[in-house]
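Undergrad: Let me give you the structure first, and then I'll get to my questions.
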Amino acid sequence: MTSKKQLACDRVKTMAGGFLQRGLLEMARKRICQSLSHMLCKPAKPASAARASFA
């Protein structure tokens, strides 16, 4: 199957920029959802003032 047919099956918009000097194809895909690290990692809760003091 050719690259065009493969990309037509993909639900994400893909743009091909052309070939680089070493023969690699430059491509970009549109992000349709949050990144995996954003979905898996939760921000840390701030420590309370009582627990944060070392006095």
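Rule-based calculations on the coordinates, nothing more; no lab input. In this text the structure is predicted, and so the values were computed from the model without any measurement.
Undergrad: Multiplying the sequence separation of R31 and K45 by 0.36 nm and subtracting their Cα-Cα distance, what value in nm do you get? Working shown, then result.
TA: Working: separation 14, 0.36 × 14 = 5.04 nm, distance 2.80 nm.
Taking 0.36 nm per residue and subtracting the Cα distance, the gain is 2.2 nm.
Undergrad: Continuing with this model, one more query. I need the phi-derived Karplus couplings for the range 12-19: 6.51 cos²θ - 1.76 cosθ + 1.60, θ = phi - 60°, integer Hz, Gly and Pro marked x.
TA: Values per residue, Gly and Pro as x: 9, 5, 10, 10, 9, x, x, 8 Hz.
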